[in-house]
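For reference, the structure discussed in these notes is given below.
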Amino acid sequence: MAILPILKYPDPRLRQISKPVTAFDEELAALALDLRETMINAPGSGLAAPQVDQPLRIIVVDDTGEDEAYGEKVLTLINPKIVAAEGEQIYKEGCLSVVELQSDVRRSAEVTVEAQDVSGQKFVVTASGRKAVILQHEIDHLDGVLFLDRISRLKKEMYRKKLLKTQKMAKNT
Ligand code: NI
């Protein structure tokens, strides 16, 4: 297992459309474990393979229950697809690829996701609240979409400017 470097916005590789997984082999199982370890190490609520420069449709999602320790339960979803969505919620999101920004995002309140496990077995997850948010956020990554694309243009522009300024300052020191 390994902790992989996470790409940071505005890296263009975050915009790639990830390819469906077709080989359910040892390599896939190893990548899924690396994603899990990388997410836990960060620590984060979820991680998508394109964030570690592997443009494949794989996500991991923190599934810690109330009385459990973080990292105990992580869902791995291969080729996840939202097949039903209902209602609306606003939740404050952040992203391991978007440093120092948290912002309210409007998404579906409940989603049903079809996916496969690392052996190719199909399963279905229905989630609401935080877990529904994470699922939608991570699946967005597979299509090159960041939560930044779902906030107001003004907020996004302010963030871009702040980021450029920080990068300039870092160069000067
Ligand atoms: Ni993210």
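Where a number appears in this text, it was derived from the coordinates with a stated rule and is not lab data. Given the structure is predicted, the values throughout are model-derived calculations rather than measurements. Every residue, glycine as well, gets a Cβ built from its backbone with ideal geometry; the counts of neighbours run over all protein chains shown.
Assuming R0 = 35 Å, what is the FRET efficiency of A85 and K161, from their Cβ-Cβ distance, to the nearest 0.05?
0.60
So which aspartates and glutamates can K156 reach, going by Cα to Cα under 18 Å and dropping same-chain residues fewer than 8 places off?
D11, E93, E100, D104, D140
On alpha-carbon atoms, Rg over Rh for region 103-173 using Kirkwood Rh?
1.16
After finding the eigenvalues of the alpha carbon gyration tensor for region 25-99, what semi-axes result from the square roots of 5 times each, listed largest first in whole Å?
Its equivalent ellipsoid spans semi-axes of 20, 17, 14 Å.
Would you list, by chain and number, the lysines whose Cα falls below 30 Å from the Cα of K122, excluding same-chain residues fewer than 8 positions away?
Counting by Cα, and skipping residues close in sequence, K122 has these lysines nearby: K19, K73, K81, K131.
What is the distance in Å between the Cα centroid of region 47-69 and that of region 110-173?
11
Amide H of C95: which non-local residues (sequence gap of 5 or more, or other chain) have their own amide H closer than 5 Å, using H built in the peptide plane?
L101
From the mean inverse distance of alpha carbon pairs (Kirkwood) and the Cα radius of gyration, derive Rg over Rh for the chain.
0.97
Just add up the charged neighbours of K162: K/R +1, D/E -1, any other residue whose Cβ is under 13 Å from the Cβ of K162.
Summing Lys and Arg as +1 and Asp and Glu as -1 gives +4.
Any idea how far apart Q16 and Y70 come out in nm if each label point goes 7 Å out from Cα toward Cβ?
2.8
Counting Lys +1, Arg +1, Asp -1, Glu -1, what net charge surrounds S18 among other residues with beta carbon under 10 Å of its beta carbon?
Net charge around S18: +1.
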